[in-house]
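The values are calculated or read from the model by the stated rules, or taken from the named source; none is laboratory data. As the structure is a computational prediction, the values presented were derived from the model and not from experiment. Note: ideal-geometry Cβ built from the backbone for every residue, glycine included; neighbour counts use all protein chains shown.
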Amino acid sequence: MDRILDRINSPADIKSLDMDQLRQLCSELRSYMIEVCSDHPGHLASSLGAVELIVGLHYVFDAPKDKLIFDVGHQAYAHKILTGRKEAFRALRTREGVSGFPKMSESEYDAFGVGHASNSVSAALGYAEAFALQGSDARSVALIGDGALSGGLAFEALNNAGASKANVLIVLNDNNQSIDKAIGGLHQNLFRITSSSKYNTFKDRVWNTMGDRRLRRFIQRWLRSLKSWIVKRSGGDIFESLGLRYFGPIGGNDIAQVVTSLRKIKNIRGPVVLHCITAKGSGFGPAEDDPCIWHAPGKFDPETGKRISSADKADRFQDVFGQVLCDLAAMDSRIVGITPAMASGCGMNLFAGQYPDRFFDVGIEEEHAVTFSAGLAAAGMRPFCNIYSTFSQRAYDQIIHDVALQNLPVVLCFDRAGLVGEDGATHHGMFDLAAYRAVPNCVVAAPADGAELKNLMYSALHHEGGPYIIRYPRGSAGDTPWRDAGFEELPLGKAVECRKGSKVAVLAIGPSVHSALKAAEAFGDKVGVYNFRFLKPLDTDMLGKIAKSYKKIITVEDGSLKGGLYGAVCECLADKASGVSVTGIGAPDRFISHDTQAAQRKECGIDAEGISKKISEIL
């Protein structure tokens with residue numbers, strides 16, 4: 001059968017299609033995404049749910065003149081395929097293929113690079129105001145999910161858009177999901193009617209008693225109109241009160257409804273919201289049944305939907321975090337867990353199951369998560385707030401102003417620190433070591449493995465002071481036993497000599513410690529290895545002893561070379577006028593592209609091979 005998709009190389013190629021052909025194109029896009037993602041894992045369910053919205057937007061608007069701006073970018077796969085990247089999509093999220101997120105340097109159709117949530121409306125508003133100043137008739141469109149709409153930046157943008165009267169269209173993709181279930185009052189208001197048991201029970205009873213097809217269709221249209229009216233009365237008031245014209249809700253997985261609605265509102269002046277109800281994972285049964293798992297399912301069989309398990313059965317850092325938090329909570333009733341919509345990703349779902357009353361998923365609201373934790377700590381609780389390292393950047397002010405300045409005992413666990421792999425530059429947690437080392441009252445620690453994470457969490461619980469930051473990478477927590485081992489309080493700011501040497505000292509932090517030990521084996525007693533598990537406070541006593549025993553030092557860190565362990569060691573030794581030569585291994589002063597974690601670590605030289613090569617050069 002001739003595929004319409006084979007003839008599509010740009011959005012202009014879909015303009016001549018009729019509605020039946022558009023439906024076929026949507027089906028083919030889904031099949032192609034499923035085929036590619038089964039072998040090149042990505043964010044599947046979100047993109048499956050947004051196919052009709054993206055096809056409709058490209059059908060009605062004229063990209064790249066008109067600007068389509070995505071929020072987060074999880075939903076943008078159909079956009080990439082339609083905009084000249086169909087073949088490159090076959091190597092999705094590899095160095096040879098396209099990024100998993102919109103990226104301005106990748107295509108003229110990617111109007112704004114995204115990877116973090118809630119920024120689309122602000123960017124689209126910026127475009128709209130620029131077009132007005134330039135006298136351009138181009139339009140800007142923001143496609144934002146209901147989960148991302150909970151972020152503070154989105155609210156700020158909506159408030160400003162309503163006041164500005166700019167010609168901006170905001171398409172709300174309402175699918176009841178971010179990664180985990182959507183959280184918060186706004187989401188509850190938007191979804192209240194569509195999930196109402198009374199409404200759905202009434203609909204089912206009427207439907208099941210109707211035998212005549214024409215009567216069924218009439219009742220179906222009437223119920224849809226009733227639901228639309230009720231939802232508009234409740235959901236629309238939110239946007240109308242901010243000065244935005246509200247339309248919908250419409251069926252966002254019905255291409256005819258999408259195209260018809262977009263055509264009707266395309267030329268309306270001022271800020272407009274089109275509310276679309278979609279199903280995350282639409283068109284692929286397993287993803288529809290469990291959109292949380294299928295947000296990023298890994299490899300799977302595209303025919304059966306059976307997921308292919310990784311051969312690596314080692315515990316991950318997130319597994320250690322989740323279990324240890326439960327174990328600590330059993331010992332101390334003050335412990336509470338907080339996460340901004342990352343419960344399953346960070347391992348806190350285990351804690352949520354065992355201690356639901358002490359668990360708080362605040363939605364995609366990193367700033368609120370931190371200050372909320374500060375309030376809990378001020379009231380005598382012991383909050384463990386888990387945020388992906390890259391997203392912690394959004395809460396930098398709250399960590400300084402609301403936690404550190406007030407010296408409150410909040411434990412901040414930064415998952416996905418360092419190089420994260422295929423998600424690429426938007427998701428690397430490269431800057432946390434350098435960023436938080438500068439903040440007074442902060443402890444900054446990085447465990448070498450799962451056992452050390454366990455003991456750092458225990459030590460953080462007993463720390464009387466300001467924020468205790470523990471950062472650790474995505475992936476394996478190593479093979480050091482941790483489950484049956486007891487808890488040990490680690491002395492604050494103390495490094496550990498792992499291996500004594502005579503010529504070169506390798507100072508590592510985090511899992512790089514094990515890479516350094518592996519590299520050192522080939523050099524006999526010439527190379528010493530030291531685990532500097534605390535970046536702050538730095539073990540200056542140990543560093544002084546090292547400076548007296550070695551003339552060459554190498555620092556190794558899975559983070560930005562500028563300002564991290566390398567910076568701290570150089571500053572300390574410069575103050576001591578030691579005359580010791582220091583060489584740093586870490587992420588260079590540039591953004592690292594999407595690739596496997598192993599390839600990225602090799603690129604930065606922080607794997608065992610790279611460390612060994614540097615030792616050889618120095619020796």
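Would you mind stating whether residue 280 is modelled with pLDDT of 90 or more and either over 19 Å from residue 60 (Cα atoms) or outside any helix (DSSP H, G or I) (or both)? Against the criterion (modelled with pLDDT of 90 or more and either over 19 Å from residue 60 (Cα atoms) or outside any helix (DSSP H, G or I) (or both)), residue 280 qualifies. Residues that are assigned to a helix (DSSP H, G or I), surrounded by 24 or more Cβ atoms within 10 Å (Cβ to Cβ) and of a type outside the set (Phe, Trp, Tyr) within region 526-568 comprise 565, 568, listed in sequence order.
Residues in region 508-526 that are of a type in the set (Lys, Arg) and more than 19 Å from residue 619 (Cβ to Cβ): none.
Looking across region 496-537, the residues that are farther than 25 Å from residue 417 by Cα and of a type in the set (Lys, Arg) come down to 499, 500, 503, 526.
Residue-wise test of (1) modelled with pLDDT of 90 or more; (2) under 29 Å from residue 151 (Cα atoms).
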position: 288; (1), (2): no, yes
position: 292; (1), (2): no, yes
position: 309; (1), (2): no, no
position: 319; (1), (2): yes, yes
position: 331; (1), (2): yes, no
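If you take the residues of region 38-68 that are free of Cβ contacts under 8 Å to residues at least 60 places away in the same chain and surrounded by 24 or more Cβ atoms within 10 Å (Cβ to Cβ), which of them is nearest to residue 108 (Cα to Cα)? Top of the filtered list is 58. Checked against (1) of a type outside the set (Asp, Glu); (2) farther than 18 Å from residue 304 by Cα; (3) not in a helix (DSSP H, G or I), residue 22 meets all criteria but (3). Taken over region 75-106, the residue count meeting the criterion of being among the hydroxyl-bearing types (Ser, Thr, Tyr), closer than 19 Å to residue 33 by Cα and surrounded by fewer than 23 Cβ atoms within 10 Å (Cβ to Cβ) is 1.
Checked against the criterion of being without any contact (Cβ under 8 Å) to a residue 40 or more places away in the chain and hydrophobic (A, V, I, L, M, F, W, C), the candidates 317, 372 yield just one match: 372. Of the residues 592, 553, 615, the single one that is aliphatic (A, V, I, L, M) and either in contact with a Lys or Arg (Cβ under 6 Å, 6 or more places away or on another chain) or closer than 21 Å to residue 431 by Cα (or both) is 592. Mind listing whichever residues of region 581-601 are under 20 Å from residue 516 (Cβ atoms), surrounded by fewer than 17 Cβ atoms within 10 Å (Cβ to Cβ) and not hydrophobic (A, V, I, L, M, F, W, C)? Of everything in region 581-601, those that are under 20 Å from residue 516 (Cβ atoms), surrounded by fewer than 17 Cβ atoms within 10 Å (Cβ to Cβ) and not hydrophobic (A, V, I, L, M, F, W, C) turn out to be 581, 583, 588. Restrict the check to region 363-371 and report whether at least one residue is assigned by TED's automatic domain parsing to the domain that holds residue 437, out of contact with any helix residue (DSSP H, G or I) (no Cβ under 9 Å at 6 or more places or on another chain) and either part of a loop (DSSP other than H, G, I, E, B) or of a type outside the set (Phe, Trp, Tyr) (or both). Among the residues of region 363-371, not one is assigned by TED's automatic domain parsing to the domain that holds residue 437, out of contact with any helix residue (DSSP H, G or I) (no Cβ under 9 Å at 6 or more places or on another chain) and either part of a loop (DSSP other than H, G, I, E, B) or of a type outside the set (Phe, Trp, Tyr) (or both), which makes the answer no. Among the residues of region 452-465, the ones that are buried (at least 19 other Cβ atoms within 10 Å of the Cβ) and in contact with a Pro (Cβ under 7 Å, 6 or more places away or on another chain) come to 2 in all. When restricted to residues that are closer than 14 Å to residue 100 by Cα and in a loop (DSSP other than H, G, I, E, B), region 50-86 contains 8. Within the bounds of region 123-131, is there any residue that is of a type in the set (Gly, Ala, Ser), modelled with pLDDT of 95 or more and farther than 26 Å from residue 363 by Cα? So far as region 123-131 goes, yes, one or more of its residues are of a type in the set (Gly, Ala, Ser), modelled with pLDDT of 95 or more and farther than 26 Å from residue 363 by Cα.
The requirement of being hydroxyl-bearing (Ser, Thr, Tyr) and touching a residue at least 40 places away in the same chain (Cβ under 8 Å) is fulfilled nowhere in region 326-336; no residue meets it. The single condition among (1) among the polar types (S, T, N, Q); (2) within 21 Å of residue 522 (Cβ to Cβ); (3) surrounded by 15 or more Cβ atoms within 10 Å (Cβ to Cβ) that residue 578 does not meet is (2).
Out of the residues in region 492-519 that are surrounded by 24 or more Cβ atoms within 10 Å (Cβ to Cβ) and part of a helix (DSSP H, G or I), state the one that is nearest to the chain's Cα centre (by Cα).
Per the stated criteria, the residue is 512.
Filtering region 516-542 to residues that are in contact (Cβ under 8 Å) with a residue 40 or more places away in the chain and within 26 Å of residue 440 (Cα to Cα) leaves 531, 533, 534, 535, 536, 537, 538, 539, 542. Pairing each residue of region 570-582 that is assigned to a helix (DSSP H, G or I) with any residue that is small (Gly, Ala, Ser), provided the two are 6+ apart or on different chains, yields C-beta distances under 7 Å for 573/547; 576/544; 576/547.
Return the only residue of 489, 464 being assigned by TED's automatic domain parsing to the domain that holds residue 327, assigned to a loop (DSSP other than H, G, I, E, B) and over 30 Å from the mean Cα position of the chain (by Cα).
So the residue among 489, 464 that is assigned by TED's automatic domain parsing to the domain that holds residue 327, assigned to a loop (DSSP other than H, G, I, E, B) and over 30 Å from the mean Cα position of the chain (by Cα) is 464.
Flag not set for residue 201, criterion: in a loop (DSSP other than H, G, I, E, B), surrounded by fewer than 19 Cβ atoms within 10 Å (Cβ to Cβ) and at pLDDT below 90.
Taking the stated definitions as given, is residue 128 under 23 Å from the mean Cα position of the chain (by Cα) and among the hydrophobic types (A, V, I, L, M, F, W, C)? So residue 128 does not fit the description; no.
Just one of 493, 478, 510, 486 is on the phi > 0 side of the Ramachandran plot and out of contact with any strand residue (DSSP E or B) (no Cβ under 9 Å at 6 or more places or on another chain); which is it?
Only one candidate passes the filter, namely 478.
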